[in-house]
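I have placed the structure first, in the form of structure tokens, so that the comments after it can refer back to it.
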Amino acid sequence: MKKLKILAATFLATLLIAGCSQQELINPDNETTPELKSATVSGKYIVVLKDDADLVNYNFQSRNFRIKETAVGLLKKYEIASGVEEIYETALQGFTVKMAPGQAKKLGADSSVKFVEADQVISLSPVVVSGRSGSAPQPIQQTPWGVTRVGGPGDGTGKTAWVIDTGIDPTHPDLNVDKVRSATFLGGKSTPWDENGHGTHVAGTIAAIDNEIGVVGVAAGATVVSVRVLNRQGSGTNSGVIAGVNYVAASGQRGDVANMSLGGGVSQALDDAVLNASGKVDFALAAGNESDNANNHSPARINGAHIYTVSAMWESGAWASFSNYGNPPVDYCAPGVYIYSTYKGGGYETLHGTSMATPHVTGLLLLGKIHTDGYVTGDPDGNADPIAHR
Ligand SMILES: [Ca+2]
Ligand SMILES: [Ca+2]
């Protein structure tokens, strides 16, 4: 089983990480990268309200209350029986609700509503897994090639990265996880902790501790906060991801960086949320792994003064063929093939993807202004991306 496929089910597409042997991983460029199908989430809609400029003058609770009041009023007006689900009061002004398509159309025409969008499935940029998870005893520390290539490691002590992903292993001995601010947006009995491995891997590239064990991150020892929006299979919904972005906008501060190594189809609501939240913290976004123009994918396609979209390359400096492309929105290329980092269960893994490139840029942003060092070779858009460097 060499290919990774995304199966779009009625309600949720599930990303399957196929069990690949080491031999099959010799050349990730030969991997057939899956086409990302953006399935809608049955019956659920994101309602974005027209901006109430006055709202910024209120505290979190008052903003939340006012949006909820507006939402409940709208549902009553259009006789929509189901209750309000997520409330967005910071990165967006809006809410989510389950309703019939006809009701969504009527609601979208209301004078207080900017637009209504069907909720969609979103997945982590697909990755190929090699090596093994779990690690006892802990291996002697090594510096991954990507960290060296971008000019790291630097001292990230006291800096904060918000990892919007599958969660983070809270007890990994090579990570400094803020368990208090970590949060889950998956609902039910979910916790902020990683059941997949992807988010813990991203966290390690950003900020693994400079000690005796494991690896060292670009901004070594920085605090990582889990903002869990993707499940064990690596999938979630735009409504949940926006809830995570909204949380970062409400909780973060300038100097912090948010990492989004995930993507899906185009979503105006998600784009708007990230753009607004970037007024508070910097965002590093994966270009995506569909060998496609990044302008076809949210949040990768967003441009802004505090938004950085990242493509991926090999250690040789050659373009990773799975990487999405296009300038704009791509700002930098970074290491994304054979990236060794922390993994769930206190372990370490080698993964490929723009998911792995993005946290190098997040680490650099934590350390300060990004510089560049040369250009990737073989960039398919003919406009070679500069390689991010400290
Ligand atoms: Ca370490
Ligand atoms: Ca380019």
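The values are calculated or read from the model by the stated rules, or taken from the named source; none is laboratory data. For clarity, every value in this text was computed on a predicted model and none was experimentally measured. No Cβ is skipped: glycine too gets one built from the backbone with ideal geometry, and neighbour counts run over all protein chains shown.
For the reader, a short list of remarks on this structure follows.
- Residue list for the range 361-375, restricted to those being free of Cβ contacts under 8 Å to residues at least 60 places away in the same chain and surrounded by 21 or more Cβ atoms within 10 Å (Cβ to Cβ): none
- So GLY378, is it touching a residue at least 60 places away in the same chain (Cβ under 8 Å), within 15 Å of ligand 2 (Cβ to nearest atom) and surrounded by fewer than 17 Cβ atoms within 10 Å (Cβ to Cβ): yes
- Exactly one residue among THR372, THR358 is among the hydroxyl-bearing types (Ser, Thr, Tyr), within 16 Å of ligand 2 (Cβ to nearest atom) and in a helix (DSSP H, G or I), and that residue is THR358.
- Every pair of residues 6+ apart whose Cβ atoms lie under 7 Å, when the first sits in the range 201-220 and is without any contact (Cβ under 8 Å) to a residue 40 or more places away in the chain while the second is surrounded by fewer than 24 Cβ atoms within 10 Å (Cβ to Cβ) and of a type in the set (Gly, Ala, Ser): ILE209/GLY221
- A residue that is more than 16 Å from ligand 1 (Cβ to nearest atom) and under 16 Å from the mean Cα position of the chain (by Cα) occurs nowhere in the range 371-388.
- Unique match (being within 15 Å of ligand 1 (Cβ to nearest atom) and of a type in the set (Ser, Thr, Tyr)) among THR166, THR157: THR157
- The set of residues in the range 209-234 that are at negative phi, outside any strand (DSSP E or B) and more than 16 Å from ligand 1 (Cβ to nearest atom) comprises VAL229, LEU230, ASN231, ARG232, GLN233.
- On the stretch given as the range 79-95, residues that are outside any loop (DSSP other than H, G, I, E, B) and surrounded by fewer than 23 Cβ atoms within 10 Å (Cβ to Cβ) total 4.
- Here the condition is being modelled with pLDDT of 95 or more, surrounded by fewer than 19 Cβ atoms within 10 Å (Cβ to Cβ) and in contact with a Ser or Thr (Cβ under 9 Å, 6 or more places away or on another chain); of THR191, THR200, it holds for THR191 alone.
For (1) in a strand (DSSP E or B); (2) over 25 Å from THR40 (Cβ atoms); (3) among the aromatic types (Phe, Trp, Tyr); (4) in contact with a His (Cβ under 7 Å, 6 or more places away or on another chain), each residue gets a yes or a no:
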residue: ALA273; (1), (2), (3), (4): no, no, no, no
residue: ASN276; (1), (2), (3), (4): no, no, no, no
residue: LEU285; (1), (2), (3), (4): yes, no, no, no
residue: ASN295; (1), (2), (3), (4): no, no, no, no
residue: SER316; (1), (2), (3), (4): no, yes, no, no
residue: CYS333; (1), (2), (3), (4): yes, yes, no, no
residue: SER341; (1), (2), (3), (4): yes, yes, no, yes
residue: TYR348; (1), (2), (3), (4): yes, yes, yes, no
residue: LEU365; (1), (2), (3), (4): no, yes, no, no
